[in-house]
Amino acid sequence: MVEKVILGEMRPGQQGDFFVLLVEKTRRTTRDGKPFYSLRFRDQTRSVSVPVWENSPLFEPCEGEWESGQHFKIRGVYSEHERYGSQIDIQNIRPAVPEDAADGYDPDAFVHSTRFNVDELFDQMIADAESIGDEPLRQLVLGLLKRHEEELKSCPAASRNHHAYRGGLIEHTVSVVATGRYLAEKYQAYYPDLEPPLNADLIIAGCLLHDIGKLRELSWGTETAAYTIEGNLIGHILIGRDMIREAAAEIPELNPELLQYLEHIILSHQGTPEWGSPREPMMPEALLVHFADDVDAKMNIFVGILDAADGSTEFTDGSNVLRRKLIKARKV
Ligand SMILES: [Fe+2]
Ligand SMILES: [Fe+2]
């Protein structure tokens, strides 16, 4: 009798039956021109790669029937390859069915989520918005946040790369606001004679709203997020600007100059055209929002790469979004 196991707890050489989510299915060709599929399955804590060669009995169902986002029951042997990392040698595989619940199958268990409590994160966002001194600007930000409370509590920050999990956007945003606030206070004190003084309201509002367009750029359910048509055609930066403009139209008291600066912060938050921003930051507040966003996204990418890496080599392989190897073999 084969043991029921959890993929994330398997030891090299161990055989078992377990449930996984297919997260990636890519058709490739070998050096001698034969097609094969490179698959990636995962559970909550571990992801494994599986090549399916042309001459394998799995090739046909893989090509014709399997889709990423589907759940499977696998019988296989776990191993850790020096170059390819965690792998599974599949002996048996079929799509998971509701009756598998009796054997411990839980579809919700595959949803990657923020490790923080989203209700608390939302309360933090509201408290941050309430700290904005300019009344109409505060009203604008609070209105947008409250109108989108439900989506904000579940939206990922991306379909891949950084904070690409349920609640990732709100986790990222709250962290960006904290860094933005720190930078605002630091540089207000550091350059007390700057005229006009650094506008902390703009920095806080900019941090809170910088990625609000992701609510319409992405669609997300229980599986990985995808780009909507609007997300593909317009992108979260311009969608965010539109959302802010639409909301601002209902607040006639809002200073148009302040609104324009807030729009500039949204447009320039990704720093450069290569990173999707039509404008580079042209005011100190925009620069600080950009860096607060950037450091939070990059830290999440670093940690994600290191978490996913196995311990068999000194460096990660560099095939990540940063196109950079990170050192793994550290003693301190
Ligand atoms: Fe962004
Ligand atoms: Fe962001």
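The values are calculated or read from the model by the stated rules, or taken from the named source; none is laboratory data. Computed from a prediction, not measured in an experiment: that's the story for all the values here. Here Cβ is always computed from backbone atoms with ideal geometry, including for glycine, and neighbour counts include all displayed protein chains.
Couple of notes before you dig in:
- Of all positions in segment 241-258, at least one carries a residue that is within 26 Å of residue 186 (Cβ to Cβ), without any contact (Cβ under 8 Å) to a residue 24 or more places away in the chain and either within 15 Å of ligand 2 (Cβ to nearest atom) or out of contact with any helix residue (DSSP H, G or I) (no Cβ under 9 Å at 6 or more places or on another chain) (or both).
- Restricting segment 74-122 to residues that are more than 18 Å from residue 56 (Cα to Cα) and basic (Lys, Arg), the residue that is modelled with the lowest pLDDT: 83
- Filter pass, residue 225 being buried (at least 23 other Cβ atoms within 10 Å of the Cβ) and over 24 Å from residue 287 (Cα atoms): yes
- Pick from segment 24-66, criterion free of Cβ contacts under 8 Å to residues at least 40 places away in the same chain and among the β-branched types (Val, Ile, Thr), ranking: farthest from residue 107 (Cα to Cα): 30
- Within segment 262-284, tally of residues that are assigned to a loop (DSSP other than H, G, I, E, B) and either in contact (Cβ under 8 Å) with a residue 12 or more places away in the chain or more than 21 Å from residue 297 (Cβ to Cβ) (or both): 11
- Qualifying position, being within 16 Å of ligand 1 (Cβ to nearest atom), over 30 Å from residue 83 (Cα atoms), outside any loop (DSSP other than H, G, I, E, B) and modelled with pLDDT of 95 or more, among 287, 259: 287
The rows are residues; the columns are (1) closer than 18 Å to residue 275 by Cα; (2) surrounded by 20 or more Cβ atoms within 10 Å (Cβ to Cβ).
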| position | (1), (2) |
| --- | --- |
| 135 | no, no |
| 139 | no, no |
| 148 | no, no |
| 160 | yes, no |
| 175 | no, yes |
| 189 | no, no |
| 204 | no, yes |
| 212 | yes, yes |
| 232 | yes, no |
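- In segment 1-23, the residues that are in contact (Cβ under 8 Å) with a residue 40 or more places away in the chain and surrounded by fewer than 16 Cβ atoms within 10 Å (Cβ to Cβ): 2, 4, 11, 12, 13, 14, 15
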